[in-house]
Amino acid sequence: MRYDSPMSGWRLNLKDRLTIFIALVIFLCIIPFSIVSYLRASELLMRSLRENLTDTASSLAMSISAAEVRQVLAGDAQSQEYLALKRKLHSFTQMGDKKINQAYVLVMTPQKNVWKFVADSVLDDPKEMAVLGEEYDVSKFPEMQLAFAGPIADKRITADRWGRWLSGYAPVRDQSGIPVAVFGVDMKAADVEDLRRDTTRNTLLYILLGTLAALVLGRLGAYTVTGPILAVIRSVRELKANNYDSRIKIRRRDELGDLINAVNEMSDKLQEVDRIKTDFLSVVSHELYTPLTPIKMGIAQLKMVPGLTDDLKVIISTIDRQALHLQSMIDEVLDFSWLDVKDLKLNKEPINLAYVIDEVKEGAAVDLIRKSISCAVDVQPDLPTVLADRKRLQHVLKVLLDNAVKFSPEKTEISIKVNRTSEGIQVAVTDQGIGITQENIVKLFDRFYQAENHLTREHGGLGLGLAIAKRIVEAHGGRIWVESPGLGRGSRFIFTLPLA
């Protein structure tokens, strides 16, 4: 069963829908986990960075003495003490993979929220350098003011004229432990955002991998459900095609397993019934031949009796015709017994189709004359021979010609055309008869099927002729089909045979 989506036009079968459903369930489980993991990773990242900056600030602040700070403040920007402190701070920014972008020392002033620079780590870029004694508004950095009590890092990224930073602070103490300045280290916000982007990329990668895993697991889960169902569908189609040897080899201990066992049991039963039916038909057909043979011999003897009246001749002729009809039906039943044989044995030989068609046409001459139907044969010149079973090929042509005569009105025309195509030799039998509806065309080659009303059975027959003809043609490696414009507009039966 397939589902036609009215919105998109996609055709989704049960397996596809189960795959999507299971994948969606798994995906909905993955997404909250991924979001929570991302938020936790981001929080841990910021916490780790802040802790790293505060730890770094604490350890480096101990390398700076209160005496150095006082000496720098007592001099100017050209003093050796100032330059030495700047070089020390610059060396701090080169500490391996700490990635410290700025280091600096500030001291408080009497003015609230105004501090001034002692030195920073910039050596050769005046634009980036803080001037000795330059005042700095620390109102946006309350953590800096708290640094006298102990190291603390900014809880958020803040900005100043030099850029956006994540900062860590620690006090610079004198020998008595009294803080005299604050040492700070900055990490560029761009570097933090790069780390965040890396975290985001990793989260998206995990979501993508989770989605792929969800699709794979969804497909596997869907197959677990639909695999047995599809196997049952295939088995039923095999049964419909009269292949009763088909068995489902899936083993399950659930309701689907019970269904599979039921289908296998049904196949066994149908195979047994089919064998009994074939044996029965074969026995009955042979048994019917036993009384039919003396009947036909008696008819032949009666025809030679002299002095028969016209009424007797008509009766004998009717009996003869009905005996032939009965023999034809018995032959069909016998043919039906081998209709399902997989390896149909054919006595192939090089065949000239023109001769075979003439023989079949001659056999149908009585019926053609009775209904005043003309039969035109058009065989393409210089056709190559085909390798076929002559008797079986005659049977196919006889079925098609008999049907054309049977379903054609009087004083019409039948044509038999033979030519060469890319598939080999093509034979087409065209009539001007009752025609076939499109809904009947697909069923016409089914056994026991007749396109006309099954209750009236006006034209007689068992409905096996075309099924047998199809079996013979396919056994030769060809194919057979029918074309018809519709009821009352005739039909055209076509079959092909491969070249010898």
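The values are calculated or read from the model by the stated rules, or taken from the named source; none is laboratory data. On a predicted model such as this, the values are computed, not experimentally measured, just so you know. Here Cβ is always computed from backbone atoms with ideal geometry, including for glycine, and neighbour counts include all displayed protein chains. Just the protein is used for accessible areas: all its heavy atoms, side chains included, with ligands, DNA and RNA removed. Shrake-Rupley method; radii C 1.70, N 1.55, O 1.52, S 1.80 Å.
Annotations
- Calculated [222 nm] ellipticity per residue, helices only, for the chain: -17500 deg cm²/dmol; basis is -39500 (n - 2.57) per DSSP H run with n ≥ 4, divided by all residues, nearest 500.
- Peptide packing: for 58-68, 262-272, the average count of neighbouring Cβ atoms within 10 Å per residue gives the ranking 58-68, 262-272, highest mean first.
- A straight chain from LYS140 to GLN94 at 0.36 nm per residue would run longer than the Cα-Cα distance by 13.8 nm.
- Note that region 70-83 has calculated 3J(HN,Hα) couplings of 5, 5, 5, 5, 7, x, 10, 5, 9, 6, 5, 5, 5, 5 Hz, one per residue in order, obtained from phi through the Karplus relation 6.51 cos²θ - 1.76 cosθ + 1.60 (θ = phi - 60°); glycine and proline are x.
- Label-to-label distance, GLN111 versus ALA84, with points set 7 angstrom from Cα along the beta-carbon direction: 3.1 nm.
- Here ILE157 and ILE229 are evaluated by their C-beta separation; at R0 = 41 Å the FRET efficiency comes out at 0.10.
- Maximal additional length on extending the TYR355-LEU308 stretch stands at 13.1 nm, based on 0.36 nm per residue less the C-alpha distance.
- Straight-line reach from LYS361: taking Cα to Cα under 20 Å and skipping same-chain neighbours fewer than 8 places apart, the aspartates and glutamates in range are ASP331, GLU332, ASP378, ASP389, ASP402, GLU410, GLU413, ASP431.
- Computed from the Cβ-Cβ distance with R0 of 60 Å, the FRET efficiency linking PHE21 to ALA74 stands at 0.15.
- Extension gain (nm, one decimal) between ASP198 and GLU128, 0.36 nm per residue minus Cα-Cα: 22.4 nm
- Given R0 = 51 Å, the distance between the Cβ atoms of VAL216 and MET266 translates into a calculated FRET efficiency of 0.90.
- Solvent exposure, largest accessible area first (probe 1.4 Å, DNA, RNA and ligands not counted), of HIS395, HIS476, HIS286: HIS286, HIS395, HIS476
- Here the simple spin-label model places points 7 Å from the Cα toward Cβ, and for LEU208 and ILE315 these points are separated by 9.6 nm.
- Rg/Rh for the chain stands at 1.50; both radii use Cα atoms, and Rh follows the Kirkwood definition.
- Cross-link pairs beyond the 23 Å C-alpha cut-off, checked among LYS391/LYS470; LYS86/LYS112; LYS391/LYS411: LYS86/LYS112; LYS391/LYS411
- Cα-based helix-to-principal-axis angle, 189-240 vs the chain, degrees rounded to 10: 20
- Principal-axis analysis of the Cα atoms of the chain puts helix 310-337 at an angle of about 30° to the longest axis.
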